[in-house]
Every structure is written in structure tokens, then in C-alpha cells.
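Below is one structure, written out as C-alpha cells; comments come after it.
The values are calculated or read from the model by the stated rules, or taken from the named source; none is laboratory data. Since we're looking at a predicted model, the values are computed, not measured. Cβ sites come from the backbone with ideal geometry, for glycine too, and all protein chains shown count toward neighbours.
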Amino acid sequence: MFRSHKHIYAQIIDDTQGRTLAAASTVEKDIRDMVGGYGGNIQAATVVGRIIAERALAAGIRQVVFDRGPYKYHGRVAALADAARDAGLDIGPKKEVQAASVQEETDKKGQKTKGGGKAEATNKGKGGEKNKS
């Protein structure tokens, strides 16, 4: 998949032969008309996801690997994948944030400063002295 500010594209490619087996994007007239002319939003990504799944299933493709490229699995990227999954294409389970990973992030951010106590704010006064606030 590829996304730009104005459009979103999805292809199903056979890596062994280097052939595109199915494709859909918001630059196609039919899809552009469905999304009201602008293809850079979640609604457009959902339509492209549904259509790429329909085309893949019509070509006898049931299972694919979703390559999100450099994009985070969020927003338009997630909408495209979720729509394809909902339309019957097997692209694996939906990604969900696990509570354990959120707790680990909280633990990292909540670490104590050196010395085990609170950090002290200091202001430099005249003569380079440090005044505790």
C-alpha cells in the first residue's frame, strides 16, 4: 500500500513472479466518484480496502500479508486493512494495543531521578551561584 496526501493505493503482488494480481486506488474514476473526489481520508481508505478485498477474492486470493511500508498502523492505513479484513480477506488478526506494553511505557517514563529523590530545580543567580527554588 502507498498513501499520499490526496490518494491511497493498494496492490496485491505475487513476490515470486513480480506480478500485480489485484489493485485499487482512489485515482480510479469509479472509486473517486464513490468517495466524492478526495481520496486522502479514512472514508476513501475504507472504500479502497473493501474493493481490493473484493478483487482479490474474485481472483481466488484468500490470504495476503499486509505490508504497511513506512506508515504506522493508524488512521488511513488501519482503515484500509480493517475494511479488507471485514470484506473477507485474510490479512491476519487486528493489531491492538496490549495493556502490558502500555504499562512498560509508563514504567519507563515514571523512573526516579539519580539519587532516588525528587529532582530539584535550580536557578543561576549573580556570580554563578545556584539558588534552590
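Brief remarks on what is shown
- Here segment 27-52 is the region considered, the condition is being over 18 Å from the mean Cα position of the chain (by Cα) and assigned to a loop (DSSP other than H, G, I, E, B), and the residue that is nearest to GLY69 (Cα to Cα) is VAL27.
- The C-beta contact set for segment 60-75 (first residue within 21 Å of ALA44 (Cα to Cα) and touching a residue at least 60 places away in the same chain (Cβ under 8 Å), second residue basic (Lys, Arg) and not in a loop (DSSP other than H, G, I, E, B), distance under 8 angstrom, 6+ apart or interchain) comprises TYR71/ARG3.
- Complete set of residues in segment 50-59 that are modelled with pLDDT of 90 or more and under 15 Å from LEU21 (Cα atoms): ILE51, ILE52, ALA53, GLU54, ARG55, ALA56, LEU57, ALA58
- Test result for ALA78, at pLDDT 90 or above and either within 15 Å of HIS5 (Cα to Cα) or not in a loop (DSSP other than H, G, I, E, B) (or both): no
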